[in-house]
Structures are given as structure tokens and as C-alpha cells.
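Here the structure comes first, spelled out in C-alpha cells, and everything after it is commentary.
The values are calculated or read from the model by the stated rules, or taken from the named source; none is laboratory data. Please read all numbers here as calculations on a predicted model, not as lab measurements. Neighbour counts are summed over all protein chains in view; Cβ atoms, including those assigned to glycine, are modelled from backbone coordinates with ideal geometry. For the accessible areas, the whole protein counts, side chains as well, though only heavy atoms, and no ligand, DNA or RNA atoms are used. Shrake-Rupley method; radii C 1.70, N 1.55, O 1.52, S 1.80 Å.
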Amino acid sequence: MRIQAKLAAGLSIVLAASADAAAGPADFRASEPVVIEGYDGHAMEPFLSRDGALLFFNNRNQPKDETDLHVAERIDDRRFRYLGPLDGANSEDLDGVPSMDRAGRFYFVSPRAYGETRNTLWTGEFSDGALTNVQPLRGDVSRDKPFWLNIDAEISADGETLYFVENRWRIFGGGVKSANIFAARRDETGAFIRLPNVSDLFKEINTEKLEFAPSVTEDELTLYFTRVDKKALRRSVDEGFGLFVSTRPSIAEPFGPPERIEAVRGYVEGPTVSPDACAIYFHQRVDEVFEIRRAERADCDPGRR
């Protein structure tokens with residue numbers, strides 16, 4: 001019996017190792033809620049600082065709400081302590097979708113001057129818990145046309161590449177007509193200029209559906225994003241919303257065909273990847289409240305906390 005037990009245990013180890021070895025970029029464990037101690041409102045659009053010490057997010061982005069940026073400090077992988085609204089960032093308009101590079105250069109979305117400039121992307125310097133030197137993003141990311149705007153952006157860890165979303169809104173009837181992901185590179189003046197081969201880089205990502213909320217790993221070889229199929233959404237939320245992942249062999253090459261993360265279902269949006277690339281954080285509507293959740297990759301150690 002002892003021999004049989006040892007054989008069974010050995011077989012279990014082999015099978016587990018084989019399962020991990022076969023796990024692909026879209027294989028995740030079931031998600032778990034993230035607790036923000038001291039905060040009890042809606043939490044959306046999470047972003048983890050590059051060292052994982054801070055969680056930035058915004059409250060619900062509905063017209064009747066005053067959408068602001070907030071910050072919390074890490075206790076462990078699934079618990080954070082609320083520090084309050086992000087000083088220096090918020091205006092009377094919507095302020096959200098935070099992102100930051102390793103040097104503390106902070107980026108976010110705000111339509112505070114859209115009527116005059118057609119710009120919705122802003123940048124500032126984060127230090128000592130506050131944002132300073134807030135100014136519009138420079139470059140050609142904005143099309144500078146009515147009914148075109150940018151609602152999502154994430155800066156790469158090195159601060160050199162901005163992954164952004166370009167949206168076109170319907171002139172009549174409202175609503176988003178298109179949403180696609182592109183990228184721009186910082187030039188010597190600090191402005192962001194669209195990459196000349198940007199359409200090719202995202203040819204497998206952008207479709208007639210809505211693609212938005214990009215997030216990249218530190219090496220920029222893995223891209224997470226949200227895709228919404230408006231036709232499927234008429235049937236069910238599970239069919240309409242999805243988080244997807246795509247990889248590429250080098251930053252000079254296009255991202256490959258994306259895969260849906262099947263372990264994450266429901267009204268889900270806004271993924272951000274952990275510094276060790278072993279987990280994603282995202283927001284999900286649960287009982288009419290948006291909360292932040294965390295899902296681990298199947299090939300990472302579930303014992304880490």
C-alpha cells in the first residue's frame with residue numbers, strides 16, 4: 001500500500017507539473033475580491049505602481065458622479081489601505097484611468113479642457129503622495145477633431161511608449177462608434193508621436209468590436225485589454241464583455257492573435273498587470289457595485305500572498 005501511495009503521489013506531482021507547463025497566457029485561476037480598507041465606494045480602472053506598493057483607481061465613471069482619482073497602499077496582494085483622493089489630480093470634471101512609469105511620470109484621462117483643445121490625456125509628476133506639474137499630453141495622440149477622443153492610456157514601465165485608445169463617438173444617437181488600441185513613442189522633447197507602423201503592430205487586436213483599456217507587462221511582450229462585442233452584449237453580459245491577452249516575441253513585432261481569459265466572466269473591464277506578471281487586477285460589477293478583483297496566472301505559485 002505504501003508503494004501504491006508513493007506512486008500515486010508521484011503521479012500527482014507529474015500531472016501538476018505537466019498542467020503548469022501546458023498553461024498558456026490566457027490560463028488563469030478564478031478571481032478573488034480585493035479589499036480596500038477604509039473605502040466603501042465604487043472602485044474602477046485599477047493601476048498598480050511599478051513596485052506594487054500603491055494602487056491607483058477611480059470611483060464610478062457615470063455622468064451623475066464626480067469621478068476622481070484615488071490611491072491606496074499595499075498590505076498584501078489582495079488588501080490595500082485607502083489613503084484618499086490623489087492630491088493635485090482631480091478637477092470638477094471626470095478624472096480617471098491612472099497610469100505611471102518607474103520614474104513617477106503619471107498619466108490620466110480628463111475631459112477638463114476637451115472643448116477648447118480636443119485633448120483628454122494629461123500628465124504630471126507623482127512624488128510624496130501627490131501630483132504636481134499637471135499639463136496636457138503633448139504630441140499627435142489626439143486627432144484634434146470633434147467626436148474623436150482618447151478614453152484609456154497606459155505608459156510603459158520605462159516611460160517611453162504610451163499605449164492608448166482612440167474612440168470615435170456617433171454624431172447622432174450618442175455612444176461609441178469605434179474603439180481601438182494604438183501606441184506612441186516619446187521623442188526628445190517629451191512629446192508622444194504615433195509609431196509609423198502602429199496599424200501593423202495591432203492588426204490582430206483591433207476589430208469592428210470595441211478594444212480598450214490596454215495594459216502591458218514590463219517587457220512589453222504581453223498585452224492585456226478589454227473587448228466588448230455590442231451585438232453579443234444584447235444577449236448577455238458574459239458574451240459581450242471579455243478580458244483578452246496577446247503576446248509577441250519582441251517589441252519590434254506585432255502582437256499575435258489574442259485569447260480570451262475564460263476564468264474571468266461578467267461585466268469586467270480595465271485590467272492591470274502585477275509587477276511580477278503573475279496576476280491581473282481589474283474591475284467587475286458585482287450586485288450593481290464596481291469592485292476590484294485579482295486573478296492569478298495558472299502557472300504561478302498560488303501560495304504567494
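See the values below:
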item: Residue tally, condition exposed (fewer than 15 other Cβ atoms within 10 Å of the Cβ) and touching a residue at least 12 places away in the same chain (Cβ under 8 Å), over segment 222-233; result: 1
item: Enumeration of residues in segment 182-211 that are among the aliphatic types (A, V, I, L, M) and in contact with a helix residue (DSSP H, G or I) (Cβ under 9 Å, 6 or more places away or on another chain); result: 183, 184, 195, 210
item: Segment 61-76, residues that are within 21 Å of residue 107 (Cβ to Cβ) and either of a type in the set (Phe, Trp, Tyr) or assigned to a loop (DSSP other than H, G, I, E, B) (or both); result: 61, 66, 67, 68
item: Flag if residue 166 is open to solvent by less than 20 Å² (accessible area, probe 1.4 Å) and not in a loop (DSSP other than H, G, I, E, B); result: yes
item: Candidates 134, 165, 176 - the one that is aliphatic (A, V, I, L, M) and closer than 25 Å to residue 217 by Cβ; result: 165
item: Residue among 192, 290 that is among the aromatic types (Phe, Trp, Tyr) and within 25 Å of residue 139 (Cα to Cα); result: 192
item: Tally, over segment 50-73, of residues that are modelled with pLDDT of 95 or more and either under 23 Å from residue 261 (Cβ atoms) or touching a helix residue (DSSP H, G or I) at 6+ places or on another chain (Cβ under 7 Å) (or both); result: 6
item: Selection count where residues are closer than 22 Å to residue 298 by Cα, open to solvent by less than 40 Å² (accessible area, probe 1.4 Å) and not aromatic (Phe, Trp, Tyr), scope segment 26-52; result: 6
item: Which numbered condition residue 248 fails, given (1) open to solvent by 40 Å² or more (accessible area, probe 1.4 Å); (2) farther than 29 Å from residue 41 by Cα; (3) out of contact with any Asp or Glu (no Cβ under 6 Å at 6 or more places or on another chain); (4) charged (D, E, K, R); result: (1)
item: Residue that is surrounded by the fewest Cβ atoms within 10 Å (Cβ to Cβ), among those in segment 260-289 that are of a type in the set (Asp, Glu) and out of contact with any strand residue (DSSP E or B) (no Cβ under 6 Å at 6 or more places or on another chain); result: 287
item: Qualifying position, being modelled with pLDDT under 95 and within 26 Å of residue 56 (Cβ to Cβ), among 165, 176; result: 176
item: Test set (1) over 23 Å from residue 151 (Cβ atoms); (2) of a type in the set (S, T, N, Q); (3) open to solvent by less than 20 Å² (accessible area, probe 1.4 Å) - residue 236 fails condition number; result: (3)
item: Residue check for residue 81: open to solvent by 10 Å² or more (accessible area, probe 1.4 Å), touching a residue at least 40 places away in the same chain (Cβ under 8 Å) and closer than 27 Å to residue 279 by Cβ; result: yes
